[in-house]
Number of protein chains: 2
Amino acid sequence: MITAAALPVTSRIDATVPLARWMDASLARFERAADAQLPAVSVQPQRLHEAIRYAVLQGGKRVRPLLVYAAGEMAGASGAGLDCAALAVEYVHVYSLIHDDLPCMDNDVLRRGKPTVHVAFDEATAMLAGDALQAEAFKVLADAPLAAGVRAALMRELAFAASTAGMCGGQAIDLAAVGQPMTLANLEQMHRMKTGALLLAAVKMGALAGDAPALASMERYARAIGLAFQIVDDVLDVESTSAELGKTAGKDAEQGKPTYVSVLGMDAAKEWAARLHREALEALADFDRRADRLRQLADFIVLRSR
Amino acid sequence: MITAAALPVTSRIDATVPLARWMDASLARFERAADAQLPAVSVQPQRLHEAIRYAVLQGGKRVRPLLVYAAGEMAGASGAGLDCAALAVEYVHVYSLIHDDLPCMDNDVLRRGKPTVHVAFDEATAMLAGDALQAEAFKVLADAPLAAGVRAALMRELAFAASTAGMCGGQAIDLAAVGQPMTLANLEQMHRMKTGALLLAAVKMGALAGDAPALASMERYARAIGLAFQIVDDVLDVESTSAELGKTAGKDAEQGKPTYVSVLGMDAAKEWAARLHREALEALADFDRRADRLRQLADFIVLRSR
């Protein structure tokens with residue numbers, strides 16, 4: 001784990017109780033919105049809807065929705081339109097997890113401490129649930145109570161982040177990399193696409209749902225925490241147990257996947273995460289207290305233990 | 001095959017050379033647009049882009065793009081915006097075929113006379129290619145040279161058609177139906193979702209890219225030809241060889257999937273297709289010659305031999 005001592009003092013001050021309360025409220029808000037938006041299990045096709053709800057509503061860190069809410073708060077956005085942005089980003093993330101866990105990909109049986117979708121249901125249902133969730137992500141944005149121009153802009157961000165220039169492209173590079181030597185530059189590029197693109201989209205979509213202030217600074221922030229997020233993931237994969245993570249620990253090393261820890265070593269990986277954390281905070285330096293949630297989330301992403 | 005004798009005389013008159021020429025030109029236009037829009041194989045991740053291009057650019061009937069172009073012609077739309085609508089609908093269709101052919105679904109090795117994507121590449125690449133194509137469909141609409149309101153409306157149609165209320169839902173019902181008895185009403189509902197929703201979206205999106213005339217009539221037309229399309233598919237699956245179809249013939253019966261032929265019998269299935277064909281033409285009765293391409297496509301869909 002990365003210790004708080006590595007953090008700049010200014011950020012350590014706020015990152016305790018207020019964030020926890022805000023996070024609890026935001027998570028509850030997200031779960032309510034998802035429960036209301038997702039098709040009911042009583043609607044045909046029941047089993048598919050059941051699988052989708054199983055995948056979406058089983059918790060998780062919800063880092064992407066939290067980033068949407070925090071960026072929205074900074075941009076003066078709130079209400080149902082912001083919920084739609086949070087739902088859409090998380091649906092794309094959850095669809096990618098469902099597909100990633102399938103036997104033809106990572107073949108994982110445990111996710112957030114529960115059987116993965118293809119284990120709890122079956123492979124065909126898992127594939128369809130992922131496919132349908134991607135469509136649902138765009139559907140929820142298309143139906144969002146926002147101006148048409150804003151809806152179009154949100155869908156554009158999400159589509160780009162999910163494309164071969166983003167998440168799917170990163171996945172493909174990741175697959176091809178198993179057992180191969182990888183330079184740090186290649187590893188960074190892969191993660192900027194695989195996880196960074198959607199984290200960036202989360203921040204931008206939250207901002208676009210409001211008055212979209214200083215997008216360039218928001219992007220700089222998002223790129224820094226996006227990469228830090230992945231480095232911390234790699235650190236935790238080595239230092240934590242499966243029980244702590246809620247998923248199979250040590251799997252990357254076992255599968256011969258290059259990670260920041262395997263490429264850089266543990267100490268250098270932690271140092272880099274801390275540097276990116278500072279960079280994220282610097283990107284927000286010109287903003288007032290409205291950016292505090294984003295600052296606190298940067299702390300959370302680097303200090304988390306799962 | 002359904003014979004021309006079953007068609008109303010008015011429609012038989014136009015449905016020969018002019019349609020063939022228009023179709024050739026439209027298909028060439030679509031291929032050019034797809035080739036220009038899809039990421040190049042030289043761009044990372046190369047293998048994924050290769051698989052996507054392999055899947056999209058290997059021909060096919062292109063019924064959905066043709067419907068987009070025909071509806072666009074009726075609505076006074078043309079140009080690059082209409083191409084984007086045609087690309088988006090076909091990308092969603094092709095993604096569904098790639099996933100449908102996977103071992104965990106239909107496990108098919110032949111598509112349009114060539115090895116399916118997971119056979120030509122591998123399962124993981126096929127899954128990612130499908131995932132990425134769905135994202136690309138929304139990306140091409142998001143970037144289309146159309147007003148933001150039109151882009152948002154097009155994405156809304158497509159997302160709905162691809163969702164569990166449309167294509168993915170129909171797929172799930174289809175999967176659950178293997179080896180089960182199915183009423184005609186259930187079979188119709190399944191196909192209205194599985195293939196009908198996207199064919200309907202094609203017609204509506206073409207219309208929305210222009211001045212969207214008489215959407216209710218367009219919808220009536222699209223629902224009729226959507227169902228007719230599937231009935232003819234079922235007829236051809238029994239009456240044609242694999243070589244004629246470019247895919248494995250007789251597979252539905254072999255897998256115990258309910259079809260219009262198995263539920264209704266061959267003669268009643270053909271009669272119903274002819275009735276739906278007349279219904280489609282009646283829906284267009286109030287329109288002038290600008291609707292001729294849609295009329296001719298109705299003929300083509302019912303009279304086709306593959």
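Results, tabulated for the structure shown:
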| item | result |
| --- | --- |
| Search result, residues across segment B:34-50 that are surrounded by 15 or more Cβ atoms within 10 Å (Cβ to Cβ), outside any helix (DSSP H, G or I) and at the interface with another protein chain (Cβ under 9 Å from one of its Cβ atoms) | B:39, B:44, B:45 |
| Helices (runs of 4 or more DSSP H) fully within segment B:138-220 counting 3 or more residues that are at the interface with chain A (Cβ under 8 Å from one of its Cβ atoms), of a type outside the set (Val, Ile, Thr) and surrounded by 21 or more Cβ atoms within 10 Å (Cβ to Cβ) | B:148-162, B:167-177 |
| Sole residue being of a type in the set (A, V, I, L, M, F, W, C) and under 30 Å from residue B:83 (Cα atoms), chosen from B:253, B:212, B:268 | B:212 |
| Restricting segment A:51-100 to residues that are closer than 18 Å to residue A:230 by Cα and without any contact (Cβ under 8 Å) to a residue 40 or more places away in the chain, the residue that is nearest to the other protein chains (Cβ to nearest Cβ) | A:94 |
| Verdict on residue A:23 being farther than 19 Å from residue A:154 by Cβ, of a type in the set (A, V, I, L, M), within 14 Å of chain B (Cβ to nearest Cβ) and surrounded by fewer than 24 Cβ atoms within 10 Å (Cβ to Cβ) | no |
| Considering residues of segment A:108-128 that are buried (at least 18 other Cβ atoms within 10 Å of the Cβ) and free of Cβ contacts under 8 Å to residues at least 24 places away in the same chain only, the residue farthest from the other protein chains (Cβ to nearest Cβ) | A:116 |
| Lone qualifier among B:66, B:97 - being part of a helix (DSSP H, G or I) and more than 16 Å from residue B:167 (Cβ to Cβ) | B:66 |
| Some residue of segment B:248-269 being modelled with pLDDT under 95, touching a strand residue (DSSP E or B) at 6+ places or on another chain (Cβ under 7 Å) and surrounded by fewer than 20 Cβ atoms within 10 Å (Cβ to Cβ) | yes |
| Residue that is under 30 Å from residue B:50 (Cα atoms) and in contact with a helix residue (DSSP H, G or I) (Cβ under 7 Å, 6 or more places away or on another chain), where the choices are A:215, A:208, A:175, A:146 | A:175 |
| Filter pass, residue A:131 being within 14 Å of chain B (Cβ to nearest Cβ) and out of contact with any Lys or Arg (no Cβ under 8 Å at 6 or more places or on another chain) | yes |
| Matching residues, segment B:248-277, being in a loop (DSSP other than H, G, I, E, B) and either of a type in the set (Val, Ile, Thr) or touching a residue at least 40 places away in the same chain (Cβ under 8 Å) (or both) | B:248, B:255, B:256, B:257, B:258, B:259 |
| Verdict on residue A:280 being small (Gly, Ala, Ser), at pLDDT 95 or above and not in a helix (DSSP H, G or I) | no |
| Residue that is surrounded by the fewest Cβ atoms within 10 Å (Cβ to Cβ) [pool: residues in segment B:69-94 that are of a type outside the set (S, T, N, Q) and assigned to a loop (DSSP other than H, G, I, E, B)] | B:76 |
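For (1) within 18 Å of the chain's Cα centre (by Cα); (2) among the hydrophobic types (A, V, I, L, M, F, W, C), each residue gets a yes or a no:
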residue	(1), (2)
B:76	no, no
B:94	yes, yes
B:102	no, yes
B:109	no, yes
B:114	no, no
B:120	no, yes
B:133	yes, yes
B:146	no, yes
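The values are calculated or read from the model by the stated rules, or taken from the named source; none is laboratory data. Note that this is a predicted model, so its numbers are computed, not measured. Heads up, the Cβs are rebuilt from the backbone with ideal geometry, glycines too, and the neighbour counts pull from every protein chain shown.
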